[in-house]
Amino acid sequence: MTVNRNKRQDRERTIEQILKPVTLSPEIGVNWLGHRTTSKASTLDAMLLHGTTITEMEKVRGAVENHIRHLEQEHGLTIKTDGETYKIDRLNLGITE
């Protein structure tokens, strides 16, 4: 688990990832939020970029709500939901498209 993160930097990197997605090579070892590229947390991060359901995320790993809370508390990201789909809140990041 990543702790003591630079939330401003994590938010900026998330904006970049949304606007200009980059696939990180495995040798880098971590995604834009510092989660190991081979981890299930990294997979959930990618799913939340464009929207996913709890059911889809639970197929990847358990404790989905804990991961969402981690993204909000440790990374400064807001996760929004319409009741079914969960997604990193683009408007909260200043993305209006």
Looking at the range 52-76, which of its residues are more than 10 Å from the chain's Cα centre (by Cα), touching a residue at least 12 places away in the same chain (Cβ under 8 Å) and farther than 15 Å from Arg13 by Cβ? Thr52, Thr53, Ile54, Met57, Val60, Arg61, Val64
What are the pairs, 6+ residues apart or on separate chains, where a residue within the range 15-34 that is within 23 Å of Asp89 (Cβ to Cβ) and hydrophobic (A, V, I, L, M, F, W, C) has its Cβ under 7 Å from a residue that is at pLDDT 75 or above and in a helix (DSSP H, G or I)? Ile15/Leu93; Ile18/Leu49; Trp32/Arg13; Trp32/Thr14; Trp32/Gln17; Leu33/Asp10; Leu33/Asp45; Leu33/His75
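The values are calculated or read from the model by the stated rules, or taken from the named source; none is laboratory data. Treat the numbers as computed from the prediction; the structure is a model and nothing was measured. Every residue, glycine as well, gets a Cβ built from its backbone with ideal geometry; the counts of neighbours run over all protein chains shown.
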